[in-house]
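Here the structure comes first, spelled out in structure tokens, and everything after it is commentary.
The values are calculated or read from the model by the stated rules, or taken from the named source; none is laboratory data. All values reported here derive from a predicted model rather than from experimental measurement. Heads up, the Cβs are rebuilt from the backbone with ideal geometry, glycines too, and the neighbour counts pull from every protein chain shown.
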Amino acid sequence: MSAEHEPRRGSWYLLTGLLIGLALGLLMAWVVAPVEYVDTAPASLRPDFKDQYRSMIASAYLVTGDLGRAQSRLSLLGDVDPLQVLTLQAQSALAAGDPDGSAYALSRLADALKQFPVGTQSPTSLPQTPELVASLTPSPAGSATLTSTRRPTSLLTPIYTPTPRPTRTPTPTVGAAFVLVSQENVCDVNLSEGLLQVEIQDAAGQPIPGAEIIISWEDGEEHVFTGLKPELGNGYADFVMELNVGYSIQLASGSQLVTNLSAPPCQTDGGDSYRGGIRLLFQQP
């Protein structure tokens with residue numbers, strides 16, 4: 001009787017040994033000696049790490065103004081349309097309250113890429129600057145942290161003389177890229193009182209998302225971006241004007257400075273007064 005059960009007991013021993021071996025292998029691979037990824041290619045990063053990498057690229061561009069280096073770094077991510085990805089990331093950051101303060105840098109880089117997309121020659125020099133290399137460092141909890149190291153690159157001969165980046169204070173721009181096509185007062189009780197509506201289009205009349213608009217008044221300044229209300233258009237942005245306050249508006253990418261904007265007085269059909277709005281249309285010539 002015992003001889004008949006011997007083969008079955010041997011099979012259980014073999015299965016138990018395999019399970020124990022598998023458990024020990026997983027323990028070794030995940031806990032004792034996990035794999036560490038060092039200097040991995042940016043294109044292989046997780047989507048959230050790619051977002052962090054783009055933010056670092058945009059921050060570096062905001063400081064140095066080196067569009068050529070930013071283009072080279074963006075190409076390492078392998079995005080099909082880097083401009084669209086940057087614009088969407090800037091919009092997402094703004095919608096989330098811009099917790100890491102990256103929206104402004106991302107939008108400035110996206111605006112520069114509109115003129116010189118990735119793969120084209122930019123008007124900036126390429127000095128000897130460290131190259132960002134993405135690294136993943138595992139933490140005890142099993143997650144990973146994205147860091148960057150700097151690898152020296154060779155000195156390249158400047159192609160053009162770098163030009164200073166525009167300041168954030170709205171001032172008249174010579175040879176502005178955008179012109180004010182139309183301006184009209186709007187009296188509509190269905191809209192918020194004092195609503196300043198801005199629409200931005202390219203030369204073909206297509207809306208431009210992620211465009212930065214600088215609105216200033218005597219005591220302050222506000223930056224808004226198009227595309228945050230896609231239901232109203234990708235090139236649309238708005239701002240609520242206060243009563244008896246004069247505003248000036250200009251596009252960060254370059255446009256004429258529009259001044260003396262204030263909420264016009266309007267009346268309902270019943271004779272009640274309320275603050276009307278203004279609608280502006282900027283377009284590339």
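Pairs linking a residue in region 180-199 that is over 25 Å from A252 (Cα atoms) to a residue that is in a strand (DSSP E or B) and among the aromatic types (F, W, Y), with Cβ atoms under 9 Å and 6 or more positions apart or on different chains, are C187/Y274; V189/Y274; E193/Y274.
When region 200-223 is examined, which residues are found to be among the aliphatic types (A, V, I, L, M) and without any contact (Cβ under 8 Å) to a residue 24 or more places away in the chain?
First pass over region 200-223, keeping only residues among the aliphatic types (A, V, I, L, M): 200, 203-204, 208, 211, 213-215.
Scanning region 200-223 gives a single hit, A204.
Looking only at residues in region 226-283 that are under 24 Å from the mean Cα position of the chain (by Cα) and acidic (D, E), the one that is surrounded by the most Cβ atoms within 10 Å (Cβ to Cβ) is D238. The test for being of a type in the set (S, T, Y), modelled with pLDDT of 90 or more and either surrounded by 14 or more Cβ atoms within 10 Å (Cβ to Cβ) or closer than 28 Å to D98 by Cα (or both) holds for S216. Only one entry of A211, A203 meets the criterion of being of a type outside the set (F, W, Y) and crowded, with 18+ Cβ neighbours inside 10 Å, and that entry is A211. Looking only at region 62-79, decide whether some residue is buried (at least 17 other Cβ atoms within 10 Å of the Cβ) and of a type in the set (V, I, T). Scanning region 62-79 turns up no residue that is buried (at least 17 other Cβ atoms within 10 Å of the Cβ) and of a type in the set (V, I, T).
Quick check: anything in region 216-230 part of a helix (DSSP H, G or I) and not assigned by TED's automatic domain parsing to the domain that holds A95?
Residues of region 216-230 part of a helix (DSSP H, G or I): 230.
Retained after the next criterion (residues that are not assigned by TED's automatic domain parsing to the domain that holds A95): 230.
Checked against the condition, which is being part of a helix (DSSP H, G or I) and not assigned by TED's automatic domain parsing to the domain that holds A95, region 216-230 yields at least one hit.
Exactly one residue among D39, D51, D79 is part of a loop (DSSP other than H, G, I, E, B) and either under 25 Å from I208 (Cα atoms) or modelled with pLDDT of 85 or more (or both), and that residue is D79. Scanning region 12-34 for residues that are part of a helix (DSSP H, G or I) and modelled with pLDDT under 70 yields a count of 0.
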